[in-house]
Amino acid sequence: MNENNDEAGTRKRGLRKRILAARRTLTEEKRAAYSAAITEQVLSLEALKRARTVFAYAAMEDEVQTETLISSLLGMGKRVAIPFVTGKRMMEAVLVPSMDALEYGAYHILTVKEEHRIIVPPQEIDCVLVPGVAFGLDGARLGMGGGYYDAFLPKAEQAARIALAFQCQIEERIPRESYDCGVDWIVTEQGVFKAKKQ
């Protein structure tokens, strides 16, 4: 349910701070183990098995790690893309031809080397793996506040949206504004949850 934007914005800031703090308390060992469990579960999802083109993401240090997942998807013959920021609230899906085409960029996040960048049109994407700060059981998503996914996801409206998150990032409900884009599935180290759409 959407709420007054001023009130929602205030609640979002408080929730973002709390969840990020919880996520950062996970040890490197726990993050690695949880990420491995999440990867295994994601790869077993029918929506992902059927997908030809997957829009993944290159993880920040404290997020669910995706390097093994991207490598596995490429090994399955999937067409894989990751985000490339082109401006404020603007990003493109850029093809990952191979793991060798990746390099560490800003904030130590993997990016496709400039000479290999090929943009994948959003309408060709079958599945989006969505990062976030927090997720509600109804599929509501709280991001970092940049608005990149809220701007991009409507362009790929045909794609299944699968959130990757640690269990400490899941809330019963989170504040939602009119422009916020939700997800269809949430995968944590504890299992796969189909969003209970309101």
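The values are calculated or read from the model by the stated rules, or taken from the named source; none is laboratory data. Nothing here was measured: the structure is a model prediction, and the numbers come from that model. A quick note on method: Cβ atoms are made from the backbone with ideal geometry, for glycine too, and the neighbour counts reach across all protein chains shown.
Selection of the range 91-109 for residues being more than 18 Å from Glu61 (Cα to Cα), over 17 Å from the mean Cα position of the chain (by Cα) and not aliphatic (A, V, I, L, M) yields Pro97, Ser98, Asp100.
Does Glu61 satisfy the criteria of being farther than 19 Å from Leu153 by Cα and of a type in the set (D, E, K, R)?
Working: farther than 19 Å from Leu153 by Cα: yes; of a type in the set (D, E, K, R): yes.
In short, yes.
Select from the range 90-107 the residues that are of a type outside the set (Asp, Glu) and either in contact with a Phe, Trp or Tyr (Cβ under 6 Å, 6 or more places away or on another chain) or assigned to a helix (DSSP H, G or I) (or both) and list them in ascending order. Correct list: Met91, Ala93, Val94, Met99, Ala101, Ala106, Tyr107.
Please determine whether any residue of the range 8-17 is in contact (Cβ under 8 Å) with a residue 24 or more places away in the chain and touching a helix residue (DSSP H, G or I) at 6+ places or on another chain (Cβ under 8 Å). No.
Picking from residues in the range 110-130 that are in a helix (DSSP H, G or I) and among the acidic types (Asp, Glu), the one that is farthest from the chain's Cα centre (by Cα) is Glu115. Note on the range 35-54: residues that are touching a Leu at 6+ places or on another chain (Cβ under 7 Å) and in contact (Cβ under 8 Å) with a residue 40 or more places away in the chain amount to 3. Here is the figure for the range 175-194: residues that are in contact with a Phe, Trp or Tyr (Cβ under 7 Å, 6 or more places away or on another chain) and part of a loop (DSSP other than H, G, I, E, B) total 3. Give the residues of the range 175-188 that are surrounded by fewer than 24 Cβ atoms within 10 Å (Cβ to Cβ) and farther than 17 Å from Gly146 by Cα, sorted by residue number. Once the filter is applied, which keeps residues that are surrounded by fewer than 24 Cβ atoms within 10 Å (Cβ to Cβ) and farther than 17 Å from Gly146 by Cα, the range 175-188 yields Asp184, Trp185, Thr188. Select from the range 36-52 the residues that are surrounded by 20 or more Cβ atoms within 10 Å (Cβ to Cβ) and touching an Asp or Glu at 6+ places or on another chain (Cβ under 8 Å) and list them in ascending order. The answer is Ile38, Ala51.
Take Ser44 and decide whether it is at pLDDT 95 or above and more than 25 Å from Lys197 (Cβ to Cβ). Steps first, answer last, please.
Details: at pLDDT 95 or above: yes; more than 25 Å from Lys197 (Cβ to Cβ): no.
In short, no.
Every condition in (1) at pLDDT 95 or above; (2) closer than 19 Å to Ile162 by Cβ is met by Met60 except one, and the failing one is (1). Is it the case that some residue within the range 148-156 is under 12 Å from the mean Cα position of the chain (by Cα), over 19 Å from Ala195 (Cβ atoms) and not in a strand (DSSP E or B)? Yes, some residue in the range 148-156 is under 12 Å from the mean Cα position of the chain (by Cα), over 19 Å from Ala195 (Cβ atoms) and not in a strand (DSSP E or B). Once the range 73-90 is narrowed to residues that are surrounded by fewer than 18 Cβ atoms within 10 Å (Cβ to Cβ) and at pLDDT 95 or above, the residue that is nearest to the chain's Cα centre (by Cα) is Leu74.
For the range 119-132, the condition of being at pLDDT below 95 and β-branched (Val, Ile, Thr) holds for none of the residues.
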